[in-house]
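Each value in this text was obtained by applying a stated rule to the coordinates, not by laboratory testing. Note that the structure is a prediction, hence the values are computed from the model and not measured. Cβ: placed from backbone, ideal geometry, glycine included. Neighbour counts: every protein chain shown.
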Amino acid sequence: MWDWRGQSAAAFRGNVDAFPHWFEAYLARHHVTDILLFGDNRPLHRHAIHVAKQHEVAVFVVEEGLLRPNFVSLERGGTNYASPLPRDLDRLRQIVAHHDPDEPVTAIASEVKRRVVEAVRYYIAQTLTKPLFLNYRSHRQNAPLREAIAWVRRRINRRAEDAASAAAVADVRAGRFFLFPMQLDGDHQIDAHSDFPDMASALDCAFASFSAFAPEEVMLLVKMHPFDPDIDGWRACVAKKAARFGIGPRVRFIERFDLGILLESAAGVVTINSTVGPLALEKGCPVFCLGRAVYDIPGITAQCSLGDFWMAPPVVHAANFDLMCRAMRATALVNGGFHDDEALRLLVDSAVRRLAISDRLGLHVDG
């Protein structure tokens with residue numbers, strides 16, 4: 001209601017159980033041929049996809065791009081691990097042979113300040129319109145006020161966090177280390193595309209393996225997600241878990257640091273399915289996926305056991321990674337961004353072109 005100003009919009013105010021019937025009637029009334037969703041795992045979106053498929057309505061899903069910051073995901077049927085992108089090199093070669101993109105890529109600026117402003121606006125709008133949407137239940141885990149208090153606390157402690165993070169990085173970079181980039185609790189990448197209920201469980205898995213198999217001289221650096229409000233205190237949690245697994249002196253935690261520098265120095269990255277994975281591969285840094293990731297493809301990421309990965313991470317084949325990126329650009333990504341006016345204009349133009357040729361690409365979830 002804030003961004004769209006209600007123009008040509010329909011507001012659903014019922015409960016979740018009533019939504020499929022309401023949406024089905026809406027599709028029929030307006031003769032809808034295609035729907036466009038931001039993300040495919042929110043409860044109402046899952047219902048919308050199910051109804052759309054029943055009525056042969058095309059489903060397109062938009063998400064933050066896997067190859068950031070210059071691209072946004074736009075795919076038919078689903079994104080992330082639900083993407084129709086093939087998971088073997090031979091089929092990726094076929095895509096590139098027929099649809100290799102040749103258009104230039106416009107660099108997209110990362111506007112963190114604008115993201116913060118937009119988040120604040122969203123929470124204000126959510127609060128002000130609450131009386132109009134009494135059945136609304138957010139997909140987010142934390143209440144807005146609780147997150148706001150946590151962010152204020154982090155802002156006050158910024159210098160202390162920076163100093164502690166710099167000291168931790170200096171410790172690990174003196175020798176050989178692996179990087180574990182955290183993801184956000186409640187992220188659908190974890191809920192829908194991994195067997196972990198939360199980040200704490202993923203840390204337990206990584207720490208147990210590191211304790212059992214990693215060489216004694218190797219360190220592990222855990223990096224908090226840049227948009228985590230740190231409500232429950234990850235630094236203390238990581239230290240406690242590391243001590244429980246007997247690896248306290250070999251584990252370091254950081255709230256923030258230049259990711260590019262870390263990826264150039266790390267022996268490897270262990271992740272659930274973070275977008276840090278492709279960034280690492282681009283730098284030639286080996287990647288092991290604990291969850292299900294669209295880029296977890298034989299010949300690109302490590303396919304060995306996690307124990308073997310700590311001991312001898314495989315070499316990254318740059319040509320294979322480049323092949324995957326070209327296939328993604330041709331079928332799954334569009335140039336543009338969400339958090340800058342010029343980037344948004346570019347995104348709209350790129351999306352319109354992609355939607356216009358989507359049928360000719362022949363990439364559907366059902367094959």
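What do you get for the angle between helix 89-99 and the principal long axis of the chain? Use alpha-carbon atoms, 0 to 90 degrees, nearest ten.
Value to nearest ten degrees: 40.
Taking θ = phi - 60°, what integer Hz values does the Karplus form 6.51 cos²θ - 1.76 cosθ + 1.60 yield along segment 250-257, in sequence order, with x for Gly and Pro?
These are the phi-based 3J(HN,Hα) values: 10, 10, 10, 10, 9, 7, 7, 5 Hz.
Counting each DSSP H run of 4 or more residues in the chain as -39500 (n - 2.57), what helix-only mean residue ellipticity at 222 nm follows after dividing by all residues, to the nearest 500 deg cm²/dmol?
When only DSSP H runs of four or more count, the value is -14000 deg cm²/dmol.
Have a look at segment 160-296 and give its Rg and Dmax from the Cα atoms, expressed in angstrom.
Expressed in Å, the Cα Rg and Dmax of segment 160-296 come to 13.7, 37.
Using modelled amide H (1.01 Å from N, peptide plane; none on Pro or chain starts), what sits under 5 Å from the amide H of Val287, excluding residues fewer than 5 places away?
Placed amide hydrogens put Val269, Ala302 under 5 Å from Val287.
Taking the Cβ of each residue in Trp310, Trp234, Trp4 as the centre, tally the other Cβ atoms inside 10 Å and list the residues starting with the fewest.
Final ranking by Cβ density, sparse to dense: Trp4, Trp234, Trp310.
If each of Ala319 and Asn157 carries a label point 7 Å out from its Cα toward its Cβ, how far apart are those two points in nm?
The answer from the label model is 4.9 nm.
Could you work out the relative contact order of segment 160-296? I mean the mean sequence separation of Cα pairs under 8 Å and 6+ apart, divided by the number of residues, in percent.
34 percent
Using a Förster distance of 51 Å, how high is the FRET efficiency between Ala356 and Asp171, based on the Cβ-Cβ distance and rounded to 0.05?
Rounded to the nearest 0.05, the efficiency is 0.45.
Residues in segment 113-133 near a label at Asp341, defined as backbone nitrogen under 20 Å from the 7 Å Cα→Cβ point?
Correct set: 113-122.
Round to the nearest 0.05 the FRET efficiency obtained for Tyr26 and Val120 when R0 = 35 Å and r is the Cβ-Cβ distance.
E between Tyr26 and Val120, to the nearest 0.05, is 0.65.
Round to the nearest 0.05 the FRET efficiency obtained for Asp3 and Leu134 when R0 = 25 Å and r is the Cβ-Cβ distance.
Taking R0 as 25 Å, the efficiency between Asp3 and Leu134 is 0.75.
Could you tell me which of Ser110, Phe71, Leu92 has its Cα farthest along the dipole of segment 67-118 towards the positive end, charges placed at Cβ (Lys, Arg +1; Asp, Glu -1), taken about the Cα centre?
Ser110
Gain in length, Asp349 to Ser305, computed as 0.36 nm per residue apart minus the alpha-carbon separation, to one decimal in nm?
11.5 nm is the gain from fully extending Asp349 to Ser305.
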